[in-house]
Each structure stands twice: as C-alpha cells, then as structure tokens.
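Trainee: One structure is given below, represented as structure tokens, and several questions about it will come after.
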Amino acid sequence: MRQDQEDPYQRRSARAYAAADRAGSRSVDSSAGVLYDAVLLDRDGTLIEDVPYNGDPEKVRPVPGARAALDRLRAAGLRLAVVTNQSGLARGYFSAEQMWAVHARVEELLGRFDAWLICPHDDADGCACRKPAPGLVHAAARELGTTASRCAMVGDIGRDVAAALAAGAAGVLVPTPVTRPEEIAAAGWVAHDLPAAVDEILRRQQAVQPVTAPGDPVRTALVVRSDSAGDVLVTGPAIRAVAAGAQRVVLLCGPRGRAAADLLPGIDEIIEYPLPWIDSTPGPVDPESVRSLTARLGAVGADQAVVFTSFHQSALPLALLLRMAGIGRIAAISDDYPGSLLDVRHRVPVGVPEPERALSLAAAAGHRLPDGDEPVLRLRRDAVAPRPAELGDPGYVVLHPGSAASSRACPPEVATRIAGALTAAGHRVLVTGGRDECGITARVAAAGGTDLGGRTDLAGLAAIVADASAVVVGNTGPAHLAAATGVPVVSLFAPTVPFGQWGPYRVPTVRLGDAAAPCRDTRAASCPVPGHPCLSGVDPDEVVDALRTLAVTGGGRR
C-alpha cells in the first residue's frame, strides 16, 4: 500500500451506530455538543459533613463552599439531584420521617434540588439501587428527563464513582479522610473539594462550545489523527464537529488507524501516511517522501487544518509541513511555543477524556457538533460488515484478551480462567483477536467459548461487538468499538495511561485491575514490572460479578 494512498469514498450521510441509540429517546431537547444536562451528588461527605446514620436536622452541616458551588450549577442551567444510600432505614436507625426532615434542612441550607433518589436497603438485600450498583443513577437520570451518559456524578467514595461508571455517567471523586487510597487511584476524575469539582464540570462543558466562528466559510478542512485505531475512534466526535462546519473533510491518518478511519462518519477523503514523529515503529525520515507528502497536502486545497494529537505528542512538526503546503489556518493543542506555526494554539488540562480533549480543540477552531448529535463515539453503519450467521443470536459476551501494546493485554492465563468462569455462569463467549494473536485466542477459547482469533478485520469485529451484551477487554481498540456501539464494557484496564483519559467513553463500564500498580502512568508499551501485577490479580469471579452489575446475565442481553 502506497504511503499516500487515498480513498475518496463519501461518508457524510451514512447511518451510524452510536451509544445513544441504546440509551433510548430522551425527553429533553439536546443542545449541540453539550456534555451534561444534570449533576448528581452524593449526600453524606459530599454535600454535608458525614454524621453516620443521621436522623437529626440540627446536625446538618454543609461542606465548605457547597451553596455557592451548587448555585453556579443552577445558574448554568444544570439540573441537580441527590443520589444517596441510606441503609439506616433498613437497620432501623432512623425513620423515613426523620430522613426527610434531614433532607428538608439540607434544602434550607443549600437550595432546592430537582430530585432526591434514595436507596433504603442494606448491602445484604442485594438490591439494584444501592451504590455501587447503577440503579439510582439511572433512576435519577429518568427523573430529570435525561440519560445517565449526560450526567456527572460527584461523590466522596469509590462506590459513588463505580455507580456512575456502571451507568455510563461521568464520575467525580472528592476525597475525604474516609476515602481509601485505592479508591482515589481507581477514579478517573478527582477534585480536591466540591467547588473544584464544579469548576471543572463547568469548564469542560464550556470548552466544547465555540467562542468564535472560524471566519470565512470552510470549504475544505484537513483533519489529522495519525495514530492507532483506538486513537482515531476517540477523535470521531471532533471530526463530526468539523464536518458540520465544512463542505468537505479530508483526514490524514497513519496505517495503524486507517481501518478505524474507514468506519467514521463525517469524512470525505482519506490520506494515509506514517508520520515518523508519531508512529510507534517509525522508519527513518525520508526527505523525498516528506516532500511528496507536503505536496499532497497542498493539493488538498484546505482552508483550515485541525491537528489532533494525544497529550504526549507534538503537533508542531506537521504544522511546519502544513505551513509549507500553503494552508493558511492551523489549529492544534500545543504546550510548546509554536511561533508562527499555529493560528489557534489550544491548551487542555491533564486528565480530560480524549474525545472531549479533541472536541475542545474543534471548538477552539470554531466548530461544534450539529443539533441532535450527541458527543459520543459513532460508527458508520454502512461500513460495518455483516455479522457471520453461524455465531448465533445476539447476546453473547466478547472476550478480547490481546492488545497491540503487551503492557495493556490481559495475561493469557487470566483470560483463560475468565473464559471458564463466564461459561460456567451461563454466558456464551466469543474470543476475539488479531492474526498475530491466534495462539492466545485458541488457548483462551479452549477453556470455554468460540475462537474468532484472526477471523475478522476491524469492520467485522465492530459488527460482532455491536451485537454483544458486553465486552471484556483491556485498554485497546475494541473497548472504543464497544463505546461506539453502546455496548457495556468490563474494562481490564492497565494503568500505564490514565483511565480518565482513555477509559471507555460514555458507556456503562466496570473497571477491574490494580489501579495503583507500579506501572501506573509509565506509558510503557511492554510491561515494566515482572508478573504483570496490574492485571494478573483479576479474579474471574470479579468479571462475572461485573457483568451482573451491568445487568448482563448468562444467556441473553441486558
């Protein structure tokens, strides 16, 4: 395949798979690109000081800055709900009347909330509403006329964050002295207090809304994401935003991301080239090849270029080539001084999810998602291959043990035990993997499941994932395929990169693995710690329990 190979296939009007499709219709109007309709808040330790089993209104003490922070959310048009476990009811420590008296005092001090959602059960009751189960989060979203994926949940312990993730909401942890270190390590979004959490919710909400238009109408926009399939998939919402404001969109991507690019809506043409300062296995810089690329980029005739990168990559080498190609307006994220290489130099705080990071750059360049388009991952329905009929009815569990980066792969012996446990629990298991992973998939499937190793390309895998009841997978491309098709994820997440940036986006998720393992934040492609401790300790029964939390039971769909 030539390095400058292109595909002029038109992709704009294709129907799309999307996480929102599974969430059902919403009773509220959707503002284009808005991340959140509502903020859900835990009560004790988050809104008010934690007084165990409190039934006395006189003991209610708001946390510092709570009233002002909540009023800022109200002023921004966000609805508010309290989502709280109150097992004291089940244990008889206080009555319902006493509890509502406490809540009346909370509203007297902090203002009115749009809804109160209470779990009155104890852990032993096995209900679906007690956090970390997602039932209360779903119920709150329904009460507020929205979906969980458009809610942020703020709490002080791991149960609060886990409930949010299992519902597909954003979870914000505000630690207190009772918060365990492992809960802090596992949380993807941590704020030091409630006002700081509110500051960041509002900042992220505002960051995806354009401040100014890009100027003259954009006839042709060049967008760039030169990385792996997963990186291209998470850039999809931002590419759709650019496409909404441009007559034509050309994507420059690398060979490892090309198959994913073929699945995205909003792209009219693809140029494939392995940028040597981005590609993970780069060849030597070939001056003639770079000159050829520069000429090809100039021939695109772009009015504007938007260069998407990961937080550890630089957009400046390509910005120089784009300037040499005659492109007059270039936007990119850059902490390094860009000189005259960028017209829009955008900055994003560490920890923002990659889809939102990219959307905020698109907004800085003047673009927003069109009305009715949720800020979720999507795939072109017409690009997804038909699922083989011999796989049977939908409702199976996909187990994908491998990864292009071995540090993020599930150890084969662990995956084998997981396959056996899932089968024993009554789940139909499909084991997937690339051509170079056939030995692993055969070993894992032998413990229970159908071996599909090496039998699908990315489009075929997307079709299989789309009909799954859940996907058990590490931090790799199929996790983002699941997010793009609204399929719940049991995330065997190695902490080499931050979960808050790279975890499955806006889809029900349970995270497993040791978030505080020594490999944390190393970005290592190969495991730097003997024994792969971040994932080797995953208990297969945890995976079965995680599926139960996601309302996935053996033998069928959610």
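The values are calculated or read from the model by the stated rules, or taken from the named source; none is laboratory data. Everything quoted here is computed from the prediction, not taken from an experiment. Cβ atoms come from the backbone with ideal geometry, glycine included; neighbour counts cover every protein chain shown. Protein only, heavy atoms only, side chains kept; ligands, DNA and RNA dropped before computing areas. Shrake-Rupley method; radii C 1.70, N 1.55, O 1.52, S 1.80 Å.
Trainee: Out of the GluC sites (Glu not before Pro) in the stretch 155-254, which ones are loop residues according to DSSP with at most 13 other C-beta atoms within 10 Å? Intermediate values should be presented prior to the final figure.
Mentor: Details: sites: Glu182, Glu183, Glu200; in loops: none.
Here no GluC sites (Glu not before Pro) fit, given the DSSP loop and packing criteria.
Trainee: Still on this structure: So what are the ³J(HN,Hα) numbers for the stretch 463-469, from phi and the Karplus equation (6.51, -1.76, 1.60; θ = phi - 60°), rounded to whole Hz, Gly and Pro as x?
Mentor: In residue order, the calculated couplings are 5, 5, 4, 4, 9, 7, 7 Hz.
Trainee: Using the basic label-point model (7 angstrom from Cα toward the beta carbon), what is the Asp123 to Arg72 distance in nanometres?
Mentor: 3.5
Trainee: Follow-up question, since we're still on this one. Where only protein heavy atoms count, and the probe is 1.4 Å, what is the accessible area per residue for the chain in Å²? Intermediate values should be presented prior to the final figure.
Mentor: Details: 21310 Å² over 558 residues.
For the chain, the per-residue accessible area is 38 Å².
Trainee: Net charge around Pro528, counting only other residues with Cβ within less than 12 Å of its Cβ (Lys, Arg = +1; Asp, Glu = -1)?
Mentor: Spelling it out: positives minus negatives among the neighbours equals +1.
Trainee: To the nearest Å, what is the center-to-center distance of the stretch 399-422 and the stretch 240-274, using C-alpha atoms only?
Mentor: 31
Trainee: Residue by residue through the stretch 337-348, what is 3J(HN,Hα) from phi via Karplus (6.51 cos²θ - 1.76 cosθ + 1.60, θ = phi - 60°)? Round to whole Hz and write x for glycine and proline.
Mentor: The phi angles translate into 4, x, x, 9, 7, 10, 8, 10, 9, 9, 10, 9 Hz.
Trainee: Taking the simple approach of a point 7 Å from Cα along Cα-to-Cβ for both Ala446 and Asp199, what is their distance in nm?
Mentor: Going by the 7 Å Cα→Cβ label model, 5.6 nm.
Trainee: Among Gly339, Gly372, Ala358, whose Cα lies farthest out toward the positive end of the dipole of the stretch 339-386, if unit charges sit on the beta carbon of Lys, Arg (+1) and Asp, Glu (-1)?
Mentor: Gly339
Trainee: If you don't mind, another one. Which order, highest average first, do 124-131, 324-331 follow once you tally other Cβ atoms within 10 Å for each residue and take the mean per peptide? Intermediate values should be presented prior to the final figure.
Mentor: Details: 124-131: 15.5, 324-331: 19.0.
Packing order, densest peptide first, comes out as 324-331, 124-131.
Trainee: Compute the Kirkwood hydrodynamic radius of the stretch 511-555, taking the inverse of the mean of 1/r over all pairs of distinct Cα atoms, and give it in Å to one decimal. If you can, show how the numbers build up before the last one.
Mentor: Working: mean 1/r = 0.0826 Å⁻¹.
Kirkwood hydrodynamic radius for the stretch 511-555: 12.1 Å.
Trainee: Dipole of the chain (Lys/Arg Cβ +1, Asp/Glu Cβ -1, origin at the Cα centre): which of Thr416, Ala299, Gly486 lies farthest to the positive side?
Mentor: Of the options given, the answer is Ala299.
Trainee: Could you give the distance between the Cα centres of the stretch 98-125 and the stretch 328-353, to the whole Å?
Mentor: Cα centroid of the stretch 98-125 versus Cα centroid of the stretch 328-353: 45 Å apart.
Trainee: Restricting attention to the chain, give the cysteines that have no other cysteine Cβ less than 4.7 angstrom from their Cβ.
Mentor: Cys127, Cys151, Cys253, Cys410, Cys438, Cys519, Cys527, Cys534 - these cysteines have no disulfide-compatible partner (Cβ-Cβ under 4.7 Å) in the chain.
Trainee: Under a Cβ-only charge scheme (Lys and Arg +1, Asp and Glu -1), can you give me the dipole magnitude of the chain about the Cα centre, in debye to the nearest 20?
Mentor: Charge dipole of the chain: 860 debye, to the nearest 20.
Trainee: Packing-wise, with mean Cβ within 10 Å as the measure, how do 380-387, 521-528, 77-84 rank, highest first? If you can, show how the numbers build up before the last one.
Mentor: Numbers: 380-387: 17.2, 521-528: 13.9, 77-84: 21.5.
Answer by packing, highest mean first, reads 77-84, 380-387, 521-528.
Trainee: In sequence order, what are the phi-derived ³J(HN,Hα) couplings for the stretch 314-320 according to the Karplus relation 6.51 cos²θ - 1.76 cosθ + 1.60 with θ = phi - 60°, rounded to whole Hz, with x for glycine and proline?
Mentor: 9, 8, 6, x, 5, 4, 5
Trainee: Moving on to the next point. Can you grab the distance from the C-alpha centre of the stretch 164-234 to the C-alpha centre of the stretch 477-547, Å, no decimals?
Mentor: First find each Cα centre; the distance between them is then 18 Å.
Trainee: Rank Thr220, Val290, Gly88 by how far each Cα sits towards the positive end of the charge dipole of the chain (+1 on Lys, Arg Cβ; -1 on Asp, Glu Cβ) and give me just the farthest.
Mentor: Checking the options against the dipole of the chain, the answer is Thr220.
Trainee: Ranking request for peptides 492-498, 340-346, 56-62, 280-286: highest mean number of other beta-carbon atoms within 10 Å first, then the rest in descending order. Mind dumping the intermediate values first?
Mentor: On the way: 492-498: 25.9, 340-346: 18.0, 56-62: 14.1, 280-286: 9.9.
Answer by packing, highest mean first, reads 492-498, 340-346, 56-62, 280-286.
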